[in-house]
Amino acid sequence: MYTESDCIMISALQHYLFCKRQCALIHVEQSWEENRLTAKGRLLHERVHEQNSESRGDTIISRGLRLRSLVYGICGQADVVEFHASPHGVHLTGHRDTWIPFPIEYKKGKPEKNNCDAVQLCAQAICLEEMLGIAIPYGALFYGKTRRRMAVAFDDALREETVKLIDKVHQMFTNKQVPPPIKDKRCTQCSMLTICLPDIPHAKGYRLRRIGESLSIKDTAT
Ligand code: SF4
């Protein structure tokens, strides 16, 4: 079992799948830079979270629910969790009947060819299962560009992929590794481009930035 302070953010899984170096810069080095794409994503999530939770017929809609699994050492926040009335569900405080959770993650773009988004959603389901003591078979991804929901089955293959990825990210954080740049087309979309400096030999580039930072601190201080 992990402790609260050992938990890694679920968002780190996506960062790792996009680029291991990006993940390390954000979560190991604690660096962050926003670009047009991350700003769009942040605004979408803020808009979803600021709406109140509500009940509609046999569905309860909860927004911005905090998530955590101490078994896997992950934490985060769900955009939306719908609770569907079901005789096989769990009791929820303040509600009659029993309910099965159905997590939904909002994405600004369209479905990707890779499994990044499904893995992130599966990590959320794993947290909810531990928190509520119930198996969750399905969730959905909502894409802003297509305005459609895509159902995701939390099958054995997806769970295994998610747990393996969680282990790899824990390992990276424990070892405090910052991998070299990938230098491919992903870099043009990456908000960490000016921090990563992929065109400069990696360790040097990172050190140069740090040296630059410390020089400007000294300049200001003198
Ligand atoms: S700029 Fe490229 S190598 Fe650097 S963190 Fe971003 S995607 Fe990775």
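Throughout, read-outs are computed from the coordinates displayed, never taken from laboratory work. For clarity, every value in this text was computed on a predicted model and none was experimentally measured. Cβ placement follows ideal geometry from the backbone for every residue including glycine, while neighbour counts extend to all protein chains displayed.
Listed as lacking a disulfide-compatible partner in the chain: 19, 23, 116, 122, 127, 187, 190, 196, by the criterion of no other cysteine Cβ under 4.7 Å. Taken over segment 4-180, lysine pairs spaced eight or more positions apart, or on distinct chains, with alpha carbons under 17 Å apart number 12. Among 178, 90, a tally of other beta-carbon atoms within 10 Å of each Cβ gives an order, fewest to most, of 90, 178.
Of the three principal axes defined by the Cα atoms of the chain, the extents in descending order read 66, 38, 37 Å. Under a 5 Å amide H cut-off, with hydrogens placed 1.01 Å from N, residue 138 pairs with 154 among residues at least 5 apart or on other chains.
Just subtract the alpha-carbon distance of residue 98 and residue 197 from 0.36 nm times their residue separation and send over the number in nm, one decimal.
Details: separation 99, 0.36 × 99 = 35.64 nm, distance 5.22 nm.
Length gained, residue 98 through residue 197: 30.4 nm.
Within the chain, what's the longest stretch lacking chymotrypsin sites (Phe, Trp or Tyr not before Pro) that sit in DSSP loops with no more than 16 other Cβ atoms inside 10 Å? Numbers along the way, then the final one.
On the way: sites that count: 2, 32.
No qualifying site falls inside 33-222, the longest such stretch.
Under the membrane-span-like helix rule (DSSP H runs whose alpha carbons stretch at least 18 Å along the helix axis, mean Kyte-Doolittle hydropathy 0.0 or higher), the chain yields 116-132.
For the chain, which span is the longest to avoid every loop-located (per DSSP) member of trypsin sites (Lys or Arg not before Pro) having at most 10 other Cβ atoms inside 10 Å?
1-95
Placing dummy labels 7 Å off each Cα toward the beta-carbon, the span from residue 182 to residue 135 is 3.4 nm. Here is the list for segment 73-117: GluC sites (Glu not before Pro) lying in DSSP coil, each with at most 15 other C-beta atoms within 10 angstrom of its C-beta, are 112. Note on residue 31/residue 58: beta-carbon distance plugged into 1/(1 + (r/R0)^6) with R0 of 41 Å gives a FRET efficiency of 0.35. A simple spin-label model places pseudo-atoms 7 Å from Cα toward Cβ; at residue 71 and residue 42 they are separated by 3.4 nm. When the chain is treated as a Gaussian network with alpha carbon springs shorter than 10 Å, the biggest mean-square fluctuation among 27, 88, 15 belongs to 88.
Using 0.36 nm per residue and subtracting the Cα-Cα separation, the extra length available between residue 155 and residue 9 on full extension is 50.3 nm.
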